[in-house]
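Student: Can you keep this structure in mind? I'll have questions shortly.
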Amino acid sequence: MDLKNIIRNVPDYPKEGILFRDITTVLKDKDALRYSVDEISKSLEGLEFDYILGPESRGFIFAMPIAYNMNKGFIPVRKAGKLPCEVISKEYDLEYGSATLEIHKDALKKGDKVVIVDDLLATGGTCKAIMELVESIGVEIVSINFFIELEELNGREFLGDYNIHSVVKY
């Protein structure tokens, strides 16, 4: 399936000079959505892991059905202040400012094996923060998976030597 013909390109969003890759057109197309989730799932076949992590909000869209289909637990990675219990946090830099990601403190333990699933790999900053957060407690990252990868931004190189898979590359 040629997903590039389904993904909508929105010029000058969220600011002038940016070409935004809008996945809502994929999400509303039942065949494209199934294909996308299945393609990420295929890249995980044969791997041993305990949980799938997905950052809010669009990471939830892909990570949750994959976790369900593969009979794995899903762990949400949220923005600061969104989780109700004790959390562990990681602050990271954005292009303009900083942000903080959190998971529940009891969500993972040393020795767990995880897969990270997100909608987009651009510069890699969000994913790198998730990686540092979970590795700081002794969790092994088995695979990192994206729906879209913007290759010109070199996010893959920023993330380092991990098993990284993307469905659509620009």
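The values are calculated or read from the model by the stated rules, or taken from the named source; none is laboratory data. This is a predicted model, so every value here is computed, not measured. Please note: Cβ atoms are built from the backbone with ideal geometry, for glycine as well, and neighbour counts cover all protein chains shown.
Student: For residue 137, are the conditions met, namely being within 25 Å of residue 1 (Cβ to Cβ) and either surrounded by 15 or more Cβ atoms within 10 Å (Cβ to Cβ) or small (Gly, Ala, Ser) (or both)?
Tutor: On the way: within 25 Å of residue 1 (Cβ to Cβ): no; either surrounded by 15 or more Cβ atoms within 10 Å (Cβ to Cβ) or small (Gly, Ala, Ser) (or both): yes.
It is false that residue 137 is within 25 Å of residue 1 (Cβ to Cβ) and either surrounded by 15 or more Cβ atoms within 10 Å (Cβ to Cβ) or small (Gly, Ala, Ser) (or both).
Student: What number of residues within region 93-108 are in a loop (DSSP other than H, G, I, E, B) and surrounded by 11 or more Cβ atoms within 10 Å (Cβ to Cβ)?
Tutor: Taking region 93-108 and keeping what is in a loop (DSSP other than H, G, I, E, B), we get 95-96, 105-108.
From what is left, the residues that are surrounded by 11 or more Cβ atoms within 10 Å (Cβ to Cβ) are 105, 107-108.
Number of matching residues: 3.
Student: Give just the number: which of (1) at pLDDT 95 or above; (2) farther than 18 Å from residue 59 by Cα; (3) not hydroxyl-bearing (Ser, Thr, Tyr) does residue 127 not satisfy?
Tutor: (2)
Student: List the helices (runs of 4 or more DSSP H) that sit entirely inside region 1-79 and contain at least 2 residues that are of a type in the set (Gly, Ala, Ser).
Tutor: Numbers: elements: 24-28, 30-44, 58-69.
Ranges flagged: 30-44, 58-69.
Student: So which of 64, 70 is out of contact with any Phe, Trp or Tyr (no Cβ under 8 Å at 6 or more places or on another chain) and not polar (S, T, N, Q)?
Tutor: Working: 64 fails: out of contact with any Phe, Trp or Tyr (no Cβ under 8 Å at 6 or more places or on another chain).
On inspection, the qualifying residue turns out to be 70.
Student: Just name the residue that is farthest from residue 38 (Cα to Cα) out of those in region 62-74 that are touching a Leu at 6+ places or on another chain (Cβ under 8 Å) and surrounded by 21 or more Cβ atoms within 10 Å (Cβ to Cβ).
Tutor: 63
Student: Which number in (1) out of contact with any helix residue (DSSP H, G or I) (no Cβ under 6 Å at 6 or more places or on another chain); (2) surrounded by fewer than 19 Cβ atoms within 10 Å (Cβ to Cβ); (3) not aromatic (Phe, Trp, Tyr) marks the one condition that residue 148 misses?
Tutor: (2)
Student: Right, here's the next one. Is there a residue in region 123-133 that is surrounded by fewer than 14 Cβ atoms within 10 Å (Cβ to Cβ), assigned to a loop (DSSP other than H, G, I, E, B) and either free of Cβ contacts under 8 Å to residues at least 60 places away in the same chain or among the basic types (Lys, Arg) (or both)?
Tutor: Initial filter on region 123-133 (surrounded by fewer than 14 Cβ atoms within 10 Å (Cβ to Cβ)): 132.
Those left that are additionally assigned to a loop (DSSP other than H, G, I, E, B): none.
No.
Student: Name every residue in region 1-31 that is within 17 Å of residue 149 (Cβ to Cβ) and in contact with a Leu (Cβ under 9 Å, 6 or more places away or on another chain), in order of residue number.
Tutor: Across region 1-31, the qualifying residues are 9, 21, 23, 26.
Student: Scan region 75-87 residue by residue and report those that are surrounded by fewer than 17 Cβ atoms within 10 Å (Cβ to Cβ) and among the hydrophobic types (A, V, I, L, M, F, W, C). Quick ask: steps written out before the conclusion?
Tutor: Let us first name the residues in region 75-87 that are surrounded by fewer than 17 Cβ atoms within 10 Å (Cβ to Cβ), namely 79-82, 84-86.
Across region 75-87, the qualifying residues are 80, 85.
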